[in-house]
Amino acid sequence: MKVYLKKGENQMPIIYREHKGAPLTIQEMDGNFKALEERLEALEKAPLMAEGIKNIHQEGDQLKIESTEGRLFGPFQLPKYLPNPKGVWTSGEKYTWGDWVSHDKSLYFCIKGHASEVFAKENWQELLVMKTAG
């Protein structure tokens, strides 16, 4: 197995005993150390820069990411959320994230799993206020 710092560079390959199937010679061990030293020196002179995210694009249920280096990742399939309607809010009922309830002429989405004796708005996100005609 040959390992190079960058594709196309004519550096001495790292020789592994496992791949060679025999003990390494003194010259091969020295060559490995020399190759590693050259690679470390190259990194010290021009350290690799972190790659960032330039753009995140969503199309339907697909997500694509473009890096600051121009590489594209994806598409990634986004999970589908299926609402879990529970009807009218009931005291003492156990609710989990994603449950929907109606309470006091509003529709709510559970944002924190809980069971409570009184309706606590910090556990819910109001989605819709139901107004009566009049």
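Counting only residues that are of a type outside the set (D, E, K, R), touching a Leu at 6+ places or on another chain (Cβ under 9 Å) and surrounded by 11 or more Cβ atoms within 10 Å (Cβ to Cβ), how many does the range 48-72 have?
First, pick out the residues of the range 48-72 that are of a type outside the set (D, E, K, R): 48-50, 52-53, 55-58, 60, 62-63, 65, 67-68, 70, 72.
Narrowing the set further to residues that are touching a Leu at 6+ places or on another chain (Cβ under 9 Å) leaves 56-58, 60, 62-63, 65.
When the remaining residues are screened for being surrounded by 11 or more Cβ atoms within 10 Å (Cβ to Cβ), the result is 56-58, 62-63, 65.
So the answer is 6.
For the range 66-98, residues that are within 27 Å of VAL129 (Cβ to Cβ) and under 25 Å from the mean Cα position of the chain (by Cα) total 7.
For every residue, the table says whether it meets (1) out of contact with any His (no Cβ under 7 Å at 6 or more places or on another chain); (2) in contact (Cβ under 8 Å) with a residue 12 or more places away in the chain; (3) in the same structural domain as TRP124 (by TED's automatic domain parsing).
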| site | (1), (2), (3) |
| --- | --- |
| MET29 | yes, no, no |
| ARG39 | yes, yes, no |
| ALA42 | yes, yes, no |
| LYS54 | yes, yes, no |
| GLY60 | yes, no, no |
| ILE65 | yes, yes, no |
| THR68 | yes, yes, no |
| ARG71 | yes, yes, no |
| THR90 | yes, no, yes |
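Scan the range 82-123 for residues that are among the aliphatic types (A, V, I, L, M), in a loop (DSSP other than H, G, I, E, B) and in contact with a strand residue (DSSP E or B) (Cβ under 7 Å, 6 or more places away or on another chain) and report the count. First the steps, then the outcome.
Going through the range 82-123, the residues among the aliphatic types (A, V, I, L, M) turn out to be 82, 88, 101, 107, 111, 115, 118, 120.
Restricting the remaining residues to those that are in a loop (DSSP other than H, G, I, E, B) gives 82, 111, 118, 120.
Next cut, in contact with a strand residue (DSSP E or B) (Cβ under 7 Å, 6 or more places away or on another chain) only: 111.
Of the residues in that region, 1 qualify.
The values are calculated or read from the model by the stated rules, or taken from the named source; none is laboratory data. Note that the structure is a prediction, hence the values are computed from the model and not measured. With ideal geometry, Cβ positions are generated from the backbone for all residues, glycine too; neighbour counts draw on all protein chains shown.
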